[in-house]
Structures are given as structure tokens and as C-alpha cells.
Amino acid sequence: MKHPYIKYAQALLIEENNLESIEDITHNHIKQELAKGLDTFSLKPIKDFVGKEKVKYSFVSEKNDAKHFVYLSPNIISTEMKASNIYKFLRKDIDEDLQKSCKVSQSAMPIVGEYCTFSNKGIVGRGKPTSTIYEECLAAITTVTTLKPCLQSGKENVCIIPDLEVENLIDFIKLFKRISLVNSESDLMEGVVVKTSKREKRKDIYIPKRPKIFRGNFPNAPRSPALCSVALLGTIGEMVKIVIPLCWQSELLNAWRILISIL
């Protein structure tokens, strides 16, 4: 049985590339999707923000650097401090032999962790779980894709990954893409600029705060990740009633029933 984190990436690759099944996923599909993750790794102010009250942000492929207002994007399931490892993973070349075994890092696959190892000499060490390059890359795709519900909670980015079969996850992703399309018309990529004054230097300092997308990349996102599924369900309900044209409603209601089943 595959973990939902792996199945989500398989569903995403099928949906994004119009594939028939997971058997059609190739090295090139994986490489392209990881490149999309790199392209949306950080968020950076588009223009000069000095003297402004608000500033627009855009995705960039730069490594995050919060001290210089290049913030780790909320879709990267990591923290500002630990994101360098997944950034290195995205920058490296992917081995052509996807079935080759490898030691899996927690940065690429947050669902795994290190464990204790014991040698016949009584030495205790730290070990990493073993998987294949294929599954490590799939996990990394889920970790970095923008096509999942996510938000920042405290200092950590979190997301919703439904425990569904691949075919149902494809429906979920289609639905979320439509939520994202509607949501793109809002001011999610806009952040407030705060002005502070340093008396000793007689100088005003302008600090651009993180944009609203950090509160959630879907409408009416909660402040607590514990309520994410309920909030997302409410968002879908509002879309069915108000936003989405009638021709989409039967498909949305089907996806809504799927989401209810995972609450």
C-alpha cells in the first residue's frame, strides 16, 4: 500500500500531463514537475517597497533568505531554517534509473525520519530509511507543488493531503486547481509594508511582511492547521453555491463527497 504522500504526486503527474495511468509516468515528467517546484521555491517583492504601504510578491527560484525578505513559499513543506536541504535536492540532476535504491532524506520526504542503528560492535548510530529514487522524487513533488492546499502555521508550512486512491486524488487536484483559479483574482500575493524609525540614525526602515498567501492558498483558510479540512470543505461549498458555473457543479459535488469522506 502506497502512502498518500506518494499517491498524491502520482495523481498530480497524471493530471498535469494528461496520462492514462501511473505506468505512463516518465523520468522527464518527474524532472519537469520538480522544476516547477524550484520555480516557486521562494516569494520575493516585485518592486521597491520603500515608502510604500503594500507590495506585490512573485514566485522566484532563489533560495529563501528571510533576512533579505526572500521568504520560503508556503507550498514548500519545510521551515525557513531547514529548507536548504530540499533546495539542494531540487537543484541536483535526477538519476535516470528511477528504481535504484537510495537513502531517503526527511527534507524530500517529510513523512520519514531517522532511526537508531546498532552494529555488531555495540556502536549506536543514526540511519535513514531506504527507498527508490522514484518514490523519493514523488515525495519531493508533493513537498514542493503549489497544487495542494497549504498554509503557514507558526514557523512551519503545513498542507492537506487526502488519504484517497489515485483516481480520486486526480478529482481532488482538478477541484483544487479550480479553487486556485478563482482565488488568483484576490490579493493573496500582496503584503503589508511596515515602517519603523531608528532615532539614532534618523532613518526610516521599511519591512515588507509576508503576503496573504501564507495564511492559506484557498479561501477562508483557518489559522490552525487542525481545522484545514473543515475550512476547505466550507470553501468548496461556497464555490458550489456562488462562484462556479452550473456546468461544473456535478463534478464539484462529487469531489465534495470525496472530501467529506476524509474528515
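The values are calculated or read from the model by the stated rules, or taken from the named source; none is laboratory data. Note that this is a predicted model, so its numbers are computed, not measured. Reconstructed Cβ throughout: ideal geometry from the backbone, glycine too, with neighbour counts over all protein chains shown. When the accessible area is computed, the model is the full protein with side chains, heavy atoms only, and any ligands, DNA or RNA have been set aside. Shrake-Rupley method; radii C 1.70, N 1.55, O 1.52, S 1.80 Å.
Going by the conditions given, is Glu15 within 22 Å of Leu175 (Cα to Cα), in contact (Cβ under 8 Å) with a residue 12 or more places away in the chain and within 14 Å of the chain's Cα centre (by Cα)? Walk me through how you get there before you give the answer.
On the way: within 22 Å of Leu175 (Cα to Cα): yes; in contact (Cβ under 8 Å) with a residue 12 or more places away in the chain: yes; within 14 Å of the chain's Cα centre (by Cα): no.
Answer is no for this residue.
Suppose we filter Leu98, Leu34 for residues that are more than 17 Å from Gln152 (Cα to Cα), surrounded by fewer than 18 Cβ atoms within 10 Å (Cβ to Cβ) and in contact with a Cys (Cβ under 9 Å, 6 or more places away or on another chain); which single one remains? Outline the logic, then answer.
On the way: Leu34 fails: surrounded by fewer than 18 Cβ atoms within 10 Å (Cβ to Cβ).
None of the other options fit; the residue is Leu98.
Does any residue of the range 169-182 turn out to be at pLDDT below 70, open to solvent by 50 Å² or more (accessible area, probe 1.4 Å), out of contact with any Cys (no Cβ under 9 Å at 6 or more places or on another chain) and of a type in the set (A, V, I, L, M, F, W, C)?
Step one: list which residues in the range 169-182 are at pLDDT below 70, which gives 182.
Now narrow it down to the ones that are open to solvent by 50 Å² or more (accessible area, probe 1.4 Å): none.
Checked the range 169-182: no residue is at pLDDT below 70, open to solvent by 50 Å² or more (accessible area, probe 1.4 Å), out of contact with any Cys (no Cβ under 9 Å at 6 or more places or on another chain) and of a type in the set (A, V, I, L, M, F, W, C).
Looking at the structure I just gave you, is Val70 under 20 Å from Leu147 (Cα atoms), under 18 Å from the mean Cα position of the chain (by Cα) and either open to solvent by 30 Å² or more (accessible area, probe 1.4 Å) or modelled with pLDDT of 90 or more (or both)? So that I can check it myself, show each step before the final result.
Details: under 20 Å from Leu147 (Cα atoms): no; under 18 Å from the mean Cα position of the chain (by Cα): yes; either open to solvent by 30 Å² or more (accessible area, probe 1.4 Å) or modelled with pLDDT of 90 or more (or both): yes.
Here the answer is no, as Val70 does not meet what is asked.
I'm trying to understand the selection: among the residues of the range 159-181, which are assigned to a helix (DSSP H, G or I) and of a type in the set (D, E, K, R)? Step through it out loud before you land on a result.
Within the range 159-181, the first condition is being assigned to a helix (DSSP H, G or I), and the residues that meet it are 166-181.
Hits for the range 159-181 are Glu167, Asp171, Lys174, Lys177, Arg178.
Looking for something charged (D, E, K, R), in a loop (DSSP other than H, G, I, E, B) and modelled with pLDDT of 90 or more - is there at least one such residue anywhere in the range 147-158? Please lay out each step first, then the result.
Quick first cut of the range 147-158, residues charged (D, E, K, R) only: 148, 155-156.
From what's left, in a loop (DSSP other than H, G, I, E, B): 148, 155.
Next cut, modelled with pLDDT of 90 or more only: 148.
Taking every residue of the range 147-158 in turn, at least one turns out to be charged (D, E, K, R), in a loop (DSSP other than H, G, I, E, B) and modelled with pLDDT of 90 or more.
Could you grab the pairs with beta carbons closer than 6 Å, sequence gap of 6+ or different chains, first residue in the range 51-71 and among the aromatic types (Phe, Trp, Tyr), second one in a loop (DSSP other than H, G, I, E, B)?
Tyr57/Met189; Tyr57/Pro211; Phe59/Thr40; Tyr71/Arg210
Please give the number of the condition Glu251 fails out of (1) loosely packed, with under 15 Cβ neighbours inside 10 Å; (2) modelled with pLDDT of 65 or more.
(2)
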